[in-house]
Amino acid sequence: MPGTAANTDAPLVLVVDDEDGIRQALNRFLTRLGYRVVEAPNGAEALERIAAATPQAMLCDIRMPNMTGVELVPKALAAEPDLSIVMLTAIDEPRTAIECMKLGAYDYLIKPVDLDELELSLQGALRQRQLEVERRELEQWLAREVAVRTRALEERTDIIQEVALDALAAAGDWSGLKAAAERLAGELGVKAEEVEAEIRKRRGYAFPALALSSPVPVDPAAGLAVSGATSIPIRRM
C-alpha cells in the first residue's frame, strides 16, 4: 500500500469521469488503498487540476462531453510529462485502446472495472513512472559529470599545450625541433605548419631579435621566460 490517506507523500491520483457516482466510488477505493485523490468531471477541469496539483497518475474515462479521454491524454502529458495514465471505458474498442497507448497511456481497462486489476494496473503505471524519472535523473547527472570532467581535461590539456609550445619556442636550433613539432601537432589534432607558426610567433614575443633570424641556440634557462608571453591559441580541428 502506498500509505495512508493523511500521508502527504502518498501518490496523488486524478480521477476524471463525467459520472459523479463513478468518480466518488473510485475516490473511496483509492483512498482506502492509501492514495491521495483529486477529481475532475471533464477534460478542461482535469487540465486545471494537473496544473494546480501535479498528480502522479490519472484514471481517465474515454467517453466524456466536450473533450474525450483520447483528446485529453496528449494535453495532459504536455502539461505533466511524467503523468501515469490508465484509461477507463464502458465499451471494448481495441482501436481506441491502441490509440490511447500510442498517445502515452499506460493501460486501458473496461468498465465495470475489476478493482484488483485496477490496483495492479495503477501500481504498474506508477512503478514505470518512477523508473522513468530515475533514468532521466541519472542521465542528467551523467551529463553534468561528463561536462565537468571534460572541462577539467581541457584545462589540463591547455596547460600541457602551453608548456610544450613554450619549451619548443625556447629550444633554439635543437635538431629534434621539427619532429617534436609534428608530434605535438598530431596530439593537438592540427597541422604541423600551425604548430611551427605558433612557435615562431612565441619566439618573436620572447626574443624579438631572433624572430626573423635563423634558429640560434637559446639558453634553456632563458626559455622559461617564454611562458609569460602573450598566448596565441592554435586552432583545434
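Structure summary
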| quantity | calculated |
| --- | --- |
| Any strands (runs of 3 or more DSSP E) falling wholly within region 31-109 and containing at least 2 residues that are touching a residue at least 40 places away in the same chain (Cβ under 8 Å) and at negative phi | 57-61, 84-89 |
| Residues (surrounded by 18 or more Cβ atoms within 10 Å (Cβ to Cβ) and under 17 Å from L12 (Cβ atoms)) located in region 81-120 | L83, S84, I85, V86, Y106, L118 |
| Within region 134-170, considering residues that are in contact (Cβ under 8 Å) with a residue 12 or more places away in the chain, surrounded by 13 or more Cβ atoms within 10 Å (Cβ to Cβ) and assigned to a helix (DSSP H, G or I), the one nearest to the chain's Cα centre (by Cα) | Q161 |
| Flag if L122 is closer than 26 Å to C60 by Cα and either in contact (Cβ under 8 Å) with a residue 60 or more places away in the chain or assigned by TED's automatic domain parsing to the domain that holds R23 (or both) | yes |
| Residues that are acidic (D, E) and in contact with a Leu (Cβ under 7 Å, 6 or more places away or on another chain), drawn from region 108-134 | E117, E119 |
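The values are calculated or read from the model by the stated rules, or taken from the named source; none is laboratory data. These numbers were taken from a predicted model, which means no experiment stands behind them. Virtual Cβ from ideal backbone geometry, glycine too; neighbours counted across all protein chains shown.
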